[in-house]
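Engineer: Below you'll find the structure I mean.
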Amino acid sequence: MCSDDFVEAQTGNSYSLTDNEVRVWRIGCDLPSAQFTKLQLILSSDERERAERFHFDVDGRRSVVARGSLRLLLGQILGLPPKSLCFEYGEFGKPRLTNLPEHRIQFNVSHSGDLILIAVAKGRAIGVDIERIRPDVDLDGVAARFFSANEYRNLALLTGPDKYEGFFTCWTRKEAFLKAKGGGLSAPLDQFDVSFLPHEDARLLETRPDREEAGRWKLIPLAVPAGYVAALAVEGFDWTLKCLEGSD
């Protein structure tokens, strides 16, 4: 799984970040009320309004925890008040900081079920994705529509629980790569291949039309509880990974 297992984050820590370091935080949505309130208070007004618009309370709570934790962690890295951070959004919805043009911080957030992942790097593109393995998905139908021909053939080799895990492993690796590039699911998922069969190392196998692009990215599976799969995509190879549990 993750080359560096998740370790508990130290309370009140500040996080320096070097050019050759990538950090991933794993955060649970079930926070004590005091910590949840703290995250609510550092959100911008539009972030609070967005969380309040969710139909289900669980979705609104997840939104507060994800965005509040992101602000808290970025503030600790940059040495700035979390509430002072400003975000803008790219063409496909990927957020970036706007009021710190020289910081070079890249980040990405993903959530599923009760878990949130926040990945941060400096000066390199990064994407993360986590998915809860769901038994109600039409694996063959979705794979036929979105996977490459080679991935579809490999998925057909799997049966039972292995097929479900293989499907979501493939999906998280593909989405992490697309999120790192900033396109999200707007880009065609069948224009590149990832490994996902049991005992295969995580790897971007082929990219089309630029075949050399596959050699510029590293894919890593992340350690998550049973019933979930997660992946990290990072530009370049000259970096080390540190995984932390909790945001405060």
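Every number in this text was worked out from the coordinates using simple rules, so none of it is lab data. Everything numeric in this text was worked out from a predicted model, so none of it was measured. Note that we place each Cβ from the backbone using ideal geometry, even for glycine, and neighbour counts take in every protein chain shown.
Engineer: Around D210, what is the net charge, scoring Lys/Arg as +1 and Asp/Glu as -1 over all other residues with Cβ under 13 Å from its Cβ?
Structural biologist: +1
Engineer: Another question, if that's okay. Specify whether the C-alpha gyration tensor of the stretch 19-120 places it in the rounded, prolate or oblate class, a ≥ b ≥ c being the square roots of the eigenvalues: rounded for a/c under 1.5, otherwise prolate if a/b is larger than b/c and oblate if not.
Structural biologist: prolate
Engineer: Calculate log10 I(q)/I(0) of the chain for q = 0.11 Å⁻¹, where I(q) comes from the Debye formula with a single equal point scatterer on each Cα and nothing for solvent.
Structural biologist: Debye intensities relative to I(0), on a log10 scale: -0.58.
Engineer: For the stretch 169-248, run through the chymotrypsin sites (Phe, Trp or Tyr not before Pro) and keep only the ones in DSSP coil with at most 10 other Cβ atoms within 10 Å of their Cβ.
Structural biologist: Loop-located and lightly packed - F237.
Engineer: While we're here: Determine Rg/Rh for the stretch 140-248; Rg is computed over alpha-carbon atoms and Rh is the Kirkwood hydrodynamic estimate from the same atoms.
Structural biologist: My calculation of the ratio gives 0.96.
Engineer: Could you pull out every one of the lysines with an alpha carbon less than 18 Å from that of K94, ignoring same-chain neighbours closer than 8 positions?
Structural biologist: List returned: K122, K174, K179, K181.
Engineer: Let me ask something else about it. What do you get for Rg/Rh of the stretch 33-180 when both radii come from the Cα atoms and Rh is the Kirkwood radius?
Structural biologist: 1.04
Engineer: Hey, any idea what Rg/Rh is for the stretch 67-140, computing Rh the Kirkwood way over Cα pairs?
Structural biologist: Ratio value, two decimals: 1.06.
Engineer: How far, in nm, would the chain grow between D59 and R132 when pulled straight, counting 0.36 nm per residue and subtracting the alpha carbon separation?
Structural biologist: The span from D59 to R132 would gain 24.8 nm if fully extended.
Engineer: Where does each of L117, L241 land when they are ranked from fewest to most other beta-carbon atoms within 10 angstrom?
Structural biologist: L241, L117
Engineer: Oh, and also: In nanometres, what is the gap between the two model label sites at A144 and S195, each 7 Å from Cα along Cα-to-Cβ?
Structural biologist: Distance between the two pseudo-spin positions: 2.9 nm.
Engineer: Okay, next question. Modelled label-to-label distance, S33 and Y89, 7 Å Cα→beta-carbon offset: nm?
Structural biologist: 3.2
Engineer: Give me the number: length gained by fully extending D19 to R216, i.e. 0.36 nm times residue separation minus the C-alpha to C-alpha distance, one decimal in nm.
Structural biologist: This chain segment gains 69.3 nm when fully extended.
Engineer: Within a 10 angstrom radius of the beta carbon, how do S84, S195, S45 rank from fewest other beta carbons to most?
Structural biologist: S45, S84, S195
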